[in-house]
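The values are calculated or read from the model by the stated rules, or taken from the named source; none is laboratory data. The structure displayed is predicted, hence computed values, not measured ones. Using ideal geometry, Cβ is built from the backbone for each residue, glycine included, and neighbour counts are taken over all protein chains shown. Just so you know, the surface numbers come from the protein's heavy atoms only, side chains and all, with ligands and any DNA or RNA stripped out. Shrake-Rupley method; radii C 1.70, N 1.55, O 1.52, S 1.80 Å.
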Amino acid sequence: MGHVAGYKQRRRQCKKCGHQINDSLRPARFHLRKCPKVTLIQKKNYFGSSYEESDNETSVSATTSTSSKVILYFRSHYVPIAILRRHQLATYSHRVSLKLPVKTRWGSWATCLNSVIQNKLALKFAVLEMVHNNSEKVPELIKKIINDEFFWKEVKSLLAILDRLV
């Protein structure tokens, strides 16, 4: 359904990947930029020869997906979340929940990244304890993400941009 009750918006399907798109031009152009099946040459033909894929788009996408992976890891495992909560109480004297974003809401991404930043020290302590005590097998990806200072800088810079927008 569309945004008006009883009115169903026309939709069409991407010929490359089969994704359903609203029939208006703006969502179709946005999807074309993100469609994994469309080549750079096809994008240049559509948008013009000066089209370049931005590193900022991939950086934002990588930062948001890695922070979501960290949140999902802790929220879906009992032992790591218990250890994280203990470190939150010891470090901050209260618990700060890790919040998952809603894909279509910028404000929820800001809330998500803010919760990750607020839990930075507790996340580092929790991973360090799990690795040291072998109490829970921590995936290498999660260890790399939490110990990567570049990731934390990216989260802070993206959060600064989102705070201005939201």
Quiz item: Restricting the search to region 103-117, which residues are open to solvent by 80 Å² or more (accessible area, probe 1.4 Å) and touching a helix residue (DSSP H, G or I) at 6+ places or on another chain (Cβ under 8 Å)?
Solution: W106
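Identify the residue in region 131-165 that is assigned to a helix (DSSP H, G or I) and small (G, A, S) and, among all such residues, is surrounded by the most Cβ atoms within 10 Å (Cβ to Cβ). Break it down into steps so the answer makes sense when it comes.
Filtering region 131-165 down to residues assigned to a helix (DSSP H, G or I) leaves 131-133, 140-147, 149-165.
Within this subset, residues satisfying the condition of being small (G, A, S) are 157, 160.
On the way: S157: 13, A160: 11.
Step by step, filter region 131-165, then rank; the result is S157.
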Quiz item: Residues in region 44-63: is at least one among the basic types (K, R), outside any loop (DSSP other than H, G, I, E, B), open to solvent by less than 20 Å² (accessible area, probe 1.4 Å) and modelled with pLDDT under 90?
Solution: no
Practice problem: Report yes if some residue within region 76-85 is modelled with pLDDT of 85 or more, open to solvent by 50 Å² or more (accessible area, probe 1.4 Å), part of a helix (DSSP H, G or I) and among the hydroxyl-bearing types (S, T, Y); otherwise report no. | Solution: yes
Quiz prompt | Those residues of region 106-152 which are of a type in the set (D, E, K, R) and touching a Phe, Trp or Tyr at 6+ places or on another chain (Cβ under 7 Å), in sequence order | solution = K120
